[in-house]
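J.: I'd like to ask some things about the structure below.
The values are calculated or read from the model by the stated rules, or taken from the named source; none is laboratory data. The shown structure was predicted, so the numbers you read here are calculated from the model rather than taken from an experiment. Every residue, glycine as well, gets a Cβ built from its backbone with ideal geometry; the counts of neighbours run over all protein chains shown.
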Amino acid sequence: MRNKKTVTAILAILREMYPDAVCSLSYDGVPFHLLVGAILSAQCTDRRVNEVTARLFPEYPDPLAMSSETEEVIGQKIKSCGLYHSKAHALVETSRMILSDYGGTIPNTREELQRFPGVGRKVANLFLGEVYGIPAVVVDTHCGRVAKRLGLTNSDSPLQAEKDLMACVPTEEWIKLGHRLVAHGRALCMARNPSCMNCPLKEVCVYARNGKRFDDRSESNPQLS
Ligand code: SF4
């Protein structure tokens with residue numbers, strides 16, 4: 001794991017690079033719609049989800065409208081997101097549970113959110129942070145990859161990576177951190193051929209150092225480890 005000084009340096013660079021990083025799922029401020037988009041995002045790109053939800057949201061403004069629809073009809077409308085049978089079931093059943101178990105208000109604890117089909121820890125954390133401002137780290141594939149390359153975790157497990165990030169990053173940075181790591185994973189630190197030469201993090205990056213993915217190593221700061 002990285003020392004405190006290095007973590008501070010990494011966070012400062014990320015803040016400077018992505019000051020306004022936000023959740024890349026589009027939603028209209030309606031919490032239910034964020035949950036819908038997040039459920040649809042499993043094994044699907046956010047871009048595709050956003051295309052589908054742009055049509056879905058006006059038709060289904062709330063859990064009542066969604067729970068009144070059949071899974072077959074919903075399935076046809078979300079087909080391009082993949083896994084549409086299970087996602088349609090998750091959307092209808094989650095809507096039904098929001099109404100029957102919570103009086104129409106989506107709960108604000110991870111445990112309760114994870115009761116909904118299609119809602120795992122990642123979606124629950126996203127929802128808690130975005131809707132309720134409750135600090136939580138969202139570890140998706142981009143976030144996990146970048147965090148590991150930066151040495152903020154040694155694990156490929158999203159849960160362990162989340163714990164490692166929570167242990168080394170101040171609580172008030174948790175929500176934005178996930179968005180910034182995702183933004184960096186898309187902009188420069190792609191799964192294949194990360195653009196280390198052009199990356200402002202290269203001096204503090206374990207992957208770049210170990211992989212010798214940039215040539216100006218003479219500039220590296222030995223105080224950062
Ligand atoms: S230096 Fe390379 S591996 Fe490290 S964060 Fe930047 S792009 Fe990713």
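J.: Within region 186-210, restricting attention to residues that are farther than 25 Å from V22 by Cβ and in a loop (DSSP other than H, G, I, E, B), which residue is nearest to the ligand (Cβ to nearest atom)?
T.: Here the answer is N193.
J.: Filter region 154-169 for residues that are assigned to a loop (DSSP other than H, G, I, E, B) and without any contact (Cβ under 8 Å) to a residue 60 or more places away in the chain and give the result.
T.: Result: S155, D156, S157.
J.: The conditions are (1) closer than 29 Å to M166 by Cβ; (2) among the β-branched types (V, I, T); (3) out of contact with any His (no Cβ under 8 Å at 6 or more places or on another chain), and I74 fails exactly one of them. Which is it?
T.: (1)
J.: Pick out the one residue from S95, S86, S80 that is of a type outside the set (F, W, Y), surrounded by fewer than 15 Cβ atoms within 10 Å (Cβ to Cβ) and in a helix (DSSP H, G or I).
T.: S80
J.: So which residues in region 24-33 are assigned to a loop (DSSP other than H, G, I, E, B) and either modelled with pLDDT of 95 or more or farther than 30 Å from K202 by Cα (or both), if there are any at all?
T.: Across region 24-33, the qualifying residues are L25, S26, Y27, D28, G29, V30.
J.: Considering only residues that are free of Cβ contacts under 8 Å to residues at least 24 places away in the same chain and within 26 Å of C143 (Cβ to Cβ), look in region 42-79 and name the one that is farthest from the chain's Cα centre (by Cα).
T.: L56
J.: In region 131-153, which residue that is outside any helix (DSSP H, G or I), touching a helix residue (DSSP H, G or I) at 6+ places or on another chain (Cβ under 7 Å) and under 20 Å from L113 (Cβ atoms) is farthest from the ligand (Cβ to nearest atom)?
T.: Out of the qualifying residues, it is I134.
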